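Here is the structure we will look at.
The values are calculated or read from the model by the stated rules, or taken from the named source; none is laboratory data. Keep in mind it's a predicted model, so treat the numbers as computed, not measured. Here Cβ is always computed from backbone atoms with ideal geometry, including for glycine, and neighbour counts include all displayed protein chains. The accessibility values were calculated without ligands, DNA or RNA, using every heavy atom of the protein model including side chains. Shrake-Rupley method; radii C 1.70, N 1.55, O 1.52, S 1.80 Å.
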Amino acid sequence: IFIALRSESNTIFDSTVKSNYTKMPATRFTKLALATILAIATTGDALLTNPVRTVITRDIKTPDPVPQAGIDEAVELMSTGRMYRYNVKDAASSTVSKCEVEIANYTGHKYCVALNSCGSAIMLMMKCAGLKPGDEVLSNAFTFGAVPSAIEHAGGKAVYVESDYNHVMDIDDLEKKLVEYPNCKFCLISHMRGKLADMDKVKEACDRHDVILLEDCAHSLGVSWKGKHSGHVGKVAAISSQSYKMINSGEGGFLLTDDAEIAAMTAVYAGAYEGLAGKHLTVPGPEVFGDMPMQIPNYSIRMSALAAAVIRPQILTLDERREKYNKRYAFVTEKLVERKGHLLSIPVNTPGMDPVHDSLQINLSEDKLTDEQVQKFLDECAAHGLPVELFGHKSNARNFINWGFAPAEDPLPLTAKMLKRACDVRLPLMWDDEDFSDMVDVLCESLDAAVGETDFE
């Protein structure tokens, strides 16, 4: 508008005239300027109802980079060709064994076995805990499809427990399912998006019914429960180093436990045949292994030395990154509630949990947004550079209706209702702080567009 204006000034008073008034310039507008002013006058309402929208140009799926030390160690391994974890003279020379020590030291577990994926770790934790073909396993109705997949892989049958609006396992429904399924001897709780249920109540319920508690900590590396790292309430835990987790090796996982027999079995299942267990540092001694290598199949699901090399320096920065994630999460959630708290809510952390918020979850209002408006919100976000996922979308792998390989046999109305309004947004570490102001703006502006409100910030 201002570029279109061009003026020429003349003095409106003769210079010989004495006056107490300040001389004012006269302005003569060009035809283009006059036309512009007329356009503003006639389209003012359009400018107000169609304000300039925020657009994000950063990649929401930007993963955390590998520190230079990890790159250097990986290159060194490639130069020697010793990428196989056991192609070393002893355990102390193994990059994978050293990585297992560092992970175990961070989480506080006695034993640690590195694997090719967290899915493998979850599958093995069930088999090593005693799961037999056809055994029932209680698990969250809200989790990633890899969890029921691991149950199926281990030969079990998934029985789903409702998840609530804080995106954690519903304790009342857990109690109900423990009664309804008296033959179930395993509960695999998934800390989805790093959110922990009341683990004391979960453990008490499982103990009363003689059920073994197992923890999927794929999303909860760095998260603690009452001062101890997640994964200590259950008998066994699994963490992930897949690209979008707190440590990134592309693919990878770790089984963690204080149980010597489970640790030994895991190492053998993973591929510690003959005497190769001696090249581990975080498994029990040979007296525990006995003849396991001759009795247990070798699934060859070990972690490679390359994966371990890129993970190791990332362990050193976990706490620093947790602080940065949580600070940004606090900013984003505060602004969202301040501006749009009547249209959304933020899941509440369970008391006793110390979180790592590397992603954002919001629950859109069931009363104030229709299904069509929810879809409009998602479309608006995507159109302005911010992909937002709806957990309840018909194609989302976190929606239990999409698990045809392990379908739910019981109604799950609470979970289904929650998923229809539960949204998920990544908080990439590599973004700049100001990018999160833009994220808030896009979310709020997209809600405005969906419900017909106007929110100028």
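Which residue out of Lys368, Lys327 is out of contact with any Phe, Trp or Tyr (no Cβ under 9 Å at 6 or more places or on another chain) and in a helix (DSSP H, G or I)? Quick ask: steps written out before the conclusion?
Numbers: Lys368 fails: in a helix (DSSP H, G or I).
Only one candidate qualifies: Lys327.
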(request) With the checklist (1) free of Cβ contacts under 8 Å to residues at least 60 places away in the same chain; (2) farther than 24 Å from Ala267 by Cα; (3) open to solvent by 10 Å² or more (accessible area, probe 1.4 Å) in hand, flag the one item Arg193 doesn't pass. (result) (1)
(message) Being over 25 Å from the mean Cα position of the chain (by Cα) and either of a type in the set (Phe, Trp, Tyr) or surrounded by fewer than 16 Cβ atoms within 10 Å (Cβ to Cβ) (or both): is that true of Glu323 here?
(response) no
(request) Report the residue count in the stretch 188-220 for those that are closer than 18 Å to Gly352 by Cβ, in contact with a helix residue (DSSP H, G or I) (Cβ under 8 Å, 6 or more places away or on another chain) and outside any strand (DSSP E or B). (result) 8
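If you take the residues in the stretch 238-261 that are of a type in the set (A, V, I, L, M, F, W, C) and buried (at least 19 other Cβ atoms within 10 Å of the Cβ), which one is nearest to the chain's Cα centre (by Cα)?
Just the residues of the stretch 238-261 that are of a type in the set (A, V, I, L, M, F, W, C), to begin with: 238-239, 246-247, 254-256, 260.
Next cut, buried (at least 19 other Cβ atoms within 10 Å of the Cβ) only: 238-239, 246-247, 254-256.
Numbers: Ala238: 15, Ile239: 12, Met246: 9, Ile247: 12, Phe254: 17, Leu255: 19, Leu256: 20 Å.
Among those that are of a type in the set (A, V, I, L, M, F, W, C) and buried (at least 19 other Cβ atoms within 10 Å of the Cβ), it is Met246.
So that you can scan it fast, the table gives a plain yes or no per residue for (1) free of Cβ contacts under 8 Å to residues at least 24 places away in the same chain; (2) out of contact with any Pro (no Cβ under 7 Å at 6 or more places or on another chain):
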{"residue": "Tyr273", "(1), (2)": "no, no"}
{"residue": "Ile296", "(1), (2)": "no, yes"}
{"residue": "Arg302", "(1), (2)": "no, yes"}
{"residue": "Ile311", "(1), (2)": "no, yes"}
{"residue": "Gly341", "(1), (2)": "yes, yes"}
{"residue": "Leu344", "(1), (2)": "no, yes"}
{"residue": "Asn349", "(1), (2)": "no, no"}
{"residue": "Leu369", "(1), (2)": "no, yes"}
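Just need a number here: residues in the stretch 421-437 that are in a loop (DSSP other than H, G, I, E, B) and in contact with a Lys or Arg (Cβ under 9 Å, 6 or more places away or on another chain). Break it down stepwise before answering.
Restricting attention to the stretch 421-437, the residues satisfying the condition of being in a loop (DSSP other than H, G, I, E, B) are 421, 427-432.
Narrowing further to those that are in contact with a Lys or Arg (Cβ under 9 Å, 6 or more places away or on another chain): 427-432.
Of the residues in that region, 6 qualify.
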(request) Filter the stretch 114-142 for residues that are of a type outside the set (A, V, I, L, M) and under 18 Å from Pro411 (Cβ atoms) and give the result. (result) Glu136, Ser139, Asn140, Phe142
(request) Could you tell me which residue of the stretch 262-303 is surrounded by the most Cβ atoms within 10 Å (Cβ to Cβ), considering only residues that are hydroxyl-bearing (Ser, Thr, Tyr) and more than 20 Å from Asn105 (Cα to Cα)? (result) Tyr269
(request) Would you point out the residue of the stretch 123-178, among those that are open to solvent by less than 40 Å² (accessible area, probe 1.4 Å) and polar (S, T, N, Q), that is nearest to the chain's Cα centre (by Cα)? (result) Thr143
(request) Can you tell me which residue among Ser149, Ser139 is at pLDDT 95 or above, assigned to a strand (DSSP E or B) and polar (S, T, N, Q)? (result) Ser139
(request) For Phe405, work out the one condition from (1) touching a residue at least 40 places away in the same chain (Cβ under 8 Å); (2) buried (at least 18 other Cβ atoms within 10 Å of the Cβ); (3) farther than 22 Å from Asp172 by Cα it doesn't fulfil. (result) (2)
(request) Being closer than 23 Å to Arg193 by Cβ and part of a helix (DSSP H, G or I) is the filter here, so list the residues in the stretch 381-420 that pass it. (result) Cys381, Ala382, Phe400, Ile401, Asn402, Pro413, Leu414, Thr415, Ala416, Lys417, Met418, Leu419
(request) Out of the residues in the stretch 341-361 that are under 24 Å from Ile247 (Cα atoms) and of a type in the set (A, V, I, L, M), state the one that is most open to solvent (accessible area, probe 1.4 Å). (result) Met353
